[in-house]
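A short worksheet on the structure shown next.
The values are calculated or read from the model by the stated rules, or taken from the named source; none is laboratory data. None of these values were measured; they are calculated from a predicted model. Here Cβ is always computed from backbone atoms with ideal geometry, including for glycine, and neighbour counts include all displayed protein chains. Calculation scope for accessible area: heavy atoms of the full protein, side chains included, ligands and nucleic acids excluded. Shrake-Rupley method; radii C 1.70, N 1.55, O 1.52, S 1.80 Å.
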Amino acid sequence: DALDYTADQAKLGKTVGYDFREGKVTLPVLVAYAAGDETERGFWRRTIETLEQRDGDLDFAMRLMARHGAIAATIARAEQYAASARAALAAFPDSRLRRVMEGVAEYTVHRAR
């Protein structure tokens, strides 16, 4: 979810802001919405709920996310899930498959940076 607002478009392989333009309610949006004031919440309702988007709205959304630490919170949550996945994998004997799965957990978090 964080990648939609922070990634290098060439590296991501999809248009940055695609989720926003599609009105997808992702964790960064939820964090910014919850932390925002009524004016900011109105912005999110207009742009995400009703898809009434204007020039500059994606940039404003990204500024709101930065103001409220939404991207950092999203990455922290991803790190928590990856740590849980690695802990669950620790129950299995060391193997190539286990290391690959641990690598996938790591990759999903660190590709956002």
| said: Kindly evaluate E40 against the criterion of being over 20 Å from A7 (Cβ atoms), touching a His at 6+ places or on another chain (Cβ under 9 Å) and not hydrophobic (A, V, I, L, M, F, W, C). | reply: yes
| query | Are there any pairs with C-beta distances below 7 angstrom linking a residue in the stretch 61-76 that is farther than 17 Å from G23 by Cβ to a residue that is open to solvent by 30 Å² or more (accessible area, probe 1.4 Å) and not in a helix (DSSP H, G or I), with the two at least 6 apart or on different chains, and if so which? | reply | T74/D1
| query | How about the stretch 43-113: which helices (runs of 4 or more DSSP H) wholly inside it have at least 2 residues that are modelled with pLDDT of 95 or more, within 12 Å of the chain's Cα centre (by Cα) and of a type in the set (G, A, S)? | reply | 70-89
| Taking the stretch 12-42 as the search range and keeping residues that are among the basic types (K, R) and in a helix (DSSP H, G or I), which one is most open to solvent (accessible area, probe 1.4 Å)? | R21
| remark: Taking the stretch 88-113 and keeping residues open to solvent by 90 Å² or more (accessible area, probe 1.4 Å), without any contact (Cβ under 8 Å) to a residue 60 or more places away in the chain and charged (D, E, K, R) leaves D94, R96, R99, R113
